[in-house]
Amino acid sequence: MINHNSITQKVERSLKKRYLKEKLFKAMGFASVSVAFLFLLILVSDITIKALPAFVQTQITLEIELNTEKLGINQNSTTVEIKQADFRASIRDALRKQFPDVKKRTQKKDLYSLVSIGAEYQLRDLVLENRAYLGTTKKLSFIADDDVDALVKGVIDRKVEESARRIKNFKLGLIEDLEKNGQIEKTFNWSFFSNGDSREPEIAGIKGAVMGSLYTLLVTLLMTFPVAVAAAIYLEEFAPKNRMVDFIEININNLAAVPSIVFGLLGLAVFINFFELPRSAPIVGGIVLSLMTLPTIIIASRSAIKAVPPSLREAALGLGASKMQTVFHHVFPAALPGILTGTIIGMAQALGETAPLLMIGMVAFIVDIPQSVADPATVLPIQVYLWADSPERGFLEKTSAAILVLICFLIAMNAIAIYLRKKFEKKW
Amino acid sequence: MSNQTDKATLASMHADHGTTVGQPFCDNAKLSTRNVDVYYADNQAIHDVSLDIGRNEVIALIGPSGCGKSTYLRCLNRMNDTIDICKVTGQLLLDGQNIYAKNQDPVLLRARVGMVFQKPNPFPKSIYDNVAYGPRIHGLTSNKAELDDLVEESLIKAGLFKEVKDRLEAPGTGLSGGQQQRLCIARTIAVQPEVILMDEPASALDPIATAIIEELISELRKNYTIVIVTHSMQQAARVSQRTAYFHLGKLIEVGETNQIFTNPKHELTEKYITGRFG
Ligand SMILES: Nc1ncnc2c1ncn2[C@@H]1O[C@H](COP(=O)(O)OP(=O)(O)OP(=O)(O)O)[C@@H](O)[C@H]1O
Ligand SMILES: [Mg+2]
């Protein structure tokens with residue numbers, strides 16, 4: 001006879017232990033998630049706080065006399081002529097006019113350096129857009145120099161004694177005069193999103209790096225996705241099971257573990273030196289990164305294809321679908337969400353990759369915003385690296401801002417991934 | 001006692017075809033198989049099976065679990081090709097043509113020999129697309145109206161049309177288990193194969209759904225040849241004309257369904273149908 005009572009007792013006794021284990025595991029899991037989330041929160045909020053000043057820009061309003069005689073141009077001048085005119089002089093004239101007492105050479109230098117070096121180009125572009133300004137006197141706003149910017153934002157403390165302050169008393173006096181006159185204001189820094197890189201922190205923008213990253217990722221995606229998916233489908237569905245295929249499989253897995261800088265060296269040797277593709281260009285960067293992401297996407301795609309239930313294949317084959325039709329009508333669509341997830345992970349990896357791109361010259365200082373995949377460019381993580389490496393104070397906040405842009409880029413990519421997955425994941 | 005000797009003589013009559021007793025052969029064979037052996041790697045799952053399947057007949061394959069019914073069935077439309085370790089030897093003919101010949105295209109073969117699987121496996125598509133898939137890939141219809149008709153006709157034949165006619169665009173996987181199985185049958189007959197292989201089509205169904213499918217099989221018999229694997233002897237008795245009993249990979253006995261169930265000649269068959277094992 002089975003003693004049911006004693007069995008019930010045994011089960012009851014073990015039950016307590018089992019529930020305790022479950023509770024413990026749940027608590028540990030929750031703790032891990034919390035810790036991970038906390039670190040993320042600290043990281044992101046730290047970067048955000050540091051980056052915020054980069055989105056504000058100090059502007060100085062000056063009364064500019066656009067004297068046609070001094071500038072040597074008029075409203076009918078050609079674009080080239082206007083571009084050659086000396087706008088710097090107009091700005092300096094305006095500054096001198098406002099502070100007529102400044103006479104000494106060193107003091108003049110302080111005076112002229114209130115506005116950014118980029119101010120003359122700002123003025124030039126304004127004139128090019130509005131030729132009617134020529135011959136008139138206008139109140140116009142210019143980007144302030146990075147030191148002025150730092151002072152206005154409070155990064156440089158005015159109360160510190162003069163010897164320990166980057167801005168000396170004389171220049172401070174000038175700035176405070178301008179402030180009293182209401183000629184200094186803080187505006188949203190749109191130019192951060194529309195300018196390329198610069199040696200001057202106040203005019204350096206992220207657009208060059210954003211476009212560089214976009215072009216590079218575009219090349220990477222176009223090169224990797226078709227190749228990786230084709231390779232995964234072939235290996236999973238069509239390849240004979242033999243030594244050769246095992247060998248290929250091992251090598252793909254090995255490729256995924258190769259340090260990324262090796263791909264950079266390969267890119268330098270093969271694509272730049274041998275095929276003579278342009279240096280520093282997204283096309284080469286994209287190819288190098290696609291070599292790097294290829295194994296990731298192949299491996300993810302293969303496991304997605306493997307996860308498609310065999311009954312689906314049998315259903316199609318049983319109806320007389322060819323192997324090709326079975327794969328492309330049924331297996332591939334069913335595996336697509338998984339393949340897309342793998343692809344986005346690979347692309348996110350590529351977005352954050354720095355080392356191989358250093359090797360192919362994408363670390364060069366490039367002011368122009370790239371217009372195609374063959375133009376010299378840099379990418380977001382390298383922009384972060386370059387700015388972090390710059391001595392000027394103003395680049396500190398720019399570095400954090402660039403990191404923030406990079407993170408936003410990643411979030412956008414993940415959002416696309418989730419959207420695509422939801423779209424194709426009709427779990428019927 | 002005399003019964004015993006009867007069995008012995010019958011067994012010797014078919015000595016060249018293993019131990020099969022009864023009438024494994026017929027004159028008007030649609031499918032004809034001789035000395036079929038099937039191996040999964042080194043493991044032999046089918047031993048020397050020889051069996052004919054007559055035109056427009058329903059033949060039931062019965063036997064204990066693991067005896068090789070599914071394996072044998074899957075040889076008939078080369079579904080075993082999809083299993084790498086599976087090897088089939090022997091002669092299998094469809095209308096006198098070798099199924100396993102080098103020049104026999106398995107895709108064409110499967111269009112002629114359709115299959116309904118043990119577990120319903122509709123595509124994750126709409127009900128309409130499920131049924132239309134076969135005709136589409138084979139180019140059986142020339143326009144949308146024809147395809148619509150074919151889909152409707154197939155669903156009617158499978159006894160599903162009334163239940164789904166208002167939601168043909170709804171996902172096929174959203175149907176109940178029994179409805180899904182009938183959808184799979186509709187999908188198979190939409191291709192208008194000559195032979196339909198059914199692997200325990202009613203194993204997951206309630207008595208009502210089972211009755212619908214059994215009725216359907218009797219109906220389909222007019223136009224198709226049907227091989228059905230079943231664990232239910234009542235079902236075999238209701239739908240089939242002949243019954244084949246498999247045991248440990250061997251074909252033990254084949255005969256008129258009535259005779260198999262009332263007067264089995266082999267003692268293994270007798271034991272199985274009287275429920276002494278299996
Ligand atoms: N894919 C496979 N790989 C290896 N061995 C297999 C495979 N499929 C079936 N077998 C073996 O072949 C033998 C016959 O299996 P089969 O599926 O044909 O049995 P069955 O009669 O259909 O059983 P059931 O009634 O349980 O479905 C079994 O011993 C099984 O282990
Ligand atoms: Mg089976």
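Read-outs: derived from the displayed coordinates by stated rules, not from any lab. Please read all numbers here as calculations on a predicted model, not as lab measurements. Cβ placement follows ideal geometry from the backbone for every residue including glycine, while neighbour counts extend to all protein chains displayed.
Remark: relative contact order (the range A:207-424) = 31 percent; criterion is Cα-Cα distance under 8 angstrom and separation of 6 or more residues. For the range A:45-134, the tally of Lys pairs with Cα-Cα distances below 17 Å comes to 4, considering only residues 8 or more apart or on different chains. Treating only the Cα positions of the range A:207-424 as identical point scatterers, give the base-10 log of I(q)/I(0) from the Debye formula at each q in 0.08, 0.09, 0.13 Å⁻¹. Rounded to two decimals, the profile gives -0.34, -0.42, -0.79. Between A:Gly182, A:Gly286, A:Gly361, the Gaussian network model of chain A with springs among Cα atoms under 10 angstrom shows the greatest mean-square fluctuation at A:Gly182. Mean per-residue shielding of peptide A:302-314 is 2, counting Cβ atoms of other chains within 10 Å of each Cβ. Here is the result for the range B:182-242: no GluC sites (Glu not before Pro) lie in DSSP coil with at most 10 other C-beta atoms within 10 angstrom of their C-beta.
Considering only B:Leu92, B:Leu175, A:Ala230, the residue lying farthest towards the positive end of the dipole of the protein assembly as shown is B:Leu175, judged by Cα position with unit charges set on Cβ. One Cα centroid belongs to the range A:186-202, the other to the range B:205-278; the line between them spans 83 Å.
The mean sequence distance of close C-alpha pairs (under 8 Å, at least 6 residues apart), as a share of the length of chain B, puts its relative contact order at 27 percent. Take every Cα pair under 8 Å whose residues are at least 6 apart in sequence, average their separation, divide by the length of chain A, and the relative contact order is 19 percent. Rounded to the nearest 10 degrees, the angle from helix B:2-13 to the longest Cα principal axis of chain B is 70 degrees. Treating each Cα of chain B as an identical point scatterer and summing with the Debye formula, the log10 of I(q)/I(0) at q = 0.07, 0.13, 0.14 Å⁻¹ comes to -0.26, -0.87, -0.99.
Potential lengthening of the chain between B:Thr89 and B:Gln241 amounts to 52.0 nm, from the contour at 0.36 nm per residue minus the alpha-carbon distance.
How far is helix A:394-424 tilted, in degrees, relative to the longest principal axis of the Cα atoms in chain A, given as a value from 0 to 90 rounded to the nearest 10? For A:394-424 against chain A, the angle is about 40 degrees. Taking trypsin sites (Lys or Arg not before Pro) as candidate sites, keep only those in a DSSP loop with at most 16 other Cβ atoms within 10 Å, then name the longest stretch of chain B containing none of them. Answer from the scan: B:103-164.
Against the main long axis of the alpha-carbon atoms of chain A, helix A:119-129 sits at an angle near 90°. FRET efficiency for the A:Arg131 to A:Glu161 pair, using the beta carbon distance and R₀ = 56 Å, is estimated at 0.70. Quick one: in chain A, what % of C-alpha pairs are over 30 Å apart? So the portion of pairs separated by more than 30 Å is 62 percent.
In the protein assembly as shown, helical runs assigned H by DSSP with n ≥ 4 each contribute -39500 (n - 2.57); averaged across all residues and rounded to the nearest 500, the mean residue ellipticity at 222 nm is -16500 deg cm²/dmol. Taken along the Cα-to-beta-carbon direction at a fixed 7 Å, the label points for A:Ser390 and A:Leu20 span 6.1 nm.
Taking 0.36 nm per residue of sequence separation and removing the Cα-Cα distance, the B:Asn28/B:Ser142 pair yields an extension gain of 37.7 nm.
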